[in-house]
Amino acid sequence: MTEYKETVTTSQDEGVDSTGAQVQQETRRVDTKVSADSRSTAANVVWYILGFIEILLAFRFVLKLLGANPNSGFVDFIYSITGVLTGPFDNIFGVASTRTGAVRSVFEPSILVAAAVYALIAWGIVKLMNVNRST
């Protein structure tokens, strides 16, 4: 929950203008401070981590589907990082592959399952953080 704290400072000045009439001037200054509590900050961190994981898994899915060369540095980097994330789900479904010339396109449903499971885990963690939050 984001908290807004307002501080109002009022000052009054009395004086005389150029015609000699009494003048009263009031100056108000409003300072607003915004602070997020630690739970919403932690929830944002969880969502950012999930977003990073989902982007990596999306890269893996597209690269496998398009038959990217696994000997390429970038492709190898993505496969090695995301292999740890998809490892627990590798044998749930079979892998469908097709070969068109030199390109071997692979459809791995385990990547989609991993993305869904990690999204559910992140959602559950955020919900657990908000269980005792007062409204």
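Conditions (1) free of Cβ contacts under 8 Å to residues at least 12 places away in the same chain; (2) charged (D, E, K, R); (3) within 20 Å of residue 52 (Cβ to Cβ); (4) surrounded by 14 or more Cβ atoms within 10 Å (Cβ to Cβ), marked per residue:
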site	(1), (2), (3), (4)
92	no, no, no, no
99	yes, yes, no, no
106	no, no, no, yes
112	no, no, yes, yes
120	yes, no, yes, no
Flagged in region 81-90 as in contact (Cβ under 8 Å) with a residue 12 or more places away in the chain and under 22 Å from the mean Cα position of the chain (by Cα), in numbering order, are 81, 82, 85, 86
Which residue is surrounded by the most Cβ atoms within 10 Å (Cβ to Cβ), if the candidates are limited to region 65-80 and must be in contact (Cβ under 8 Å) with a residue 12 or more places away in the chain and touching a helix residue (DSSP H, G or I) at 6+ places or on another chain (Cβ under 6 Å)? 78
Does residue 58 fit the bill of being modelled with pLDDT of 90 or more and among the hydrophobic types (A, V, I, L, M, F, W, C)? yes
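The values are calculated or read from the model by the stated rules, or taken from the named source; none is laboratory data. Remember, predicted model here, so these are calculated numbers, not experimental data. Cβ coordinates were reconstructed from backbone atoms using ideal geometry, including for glycine residues, and neighbour counts include every protein chain displayed.
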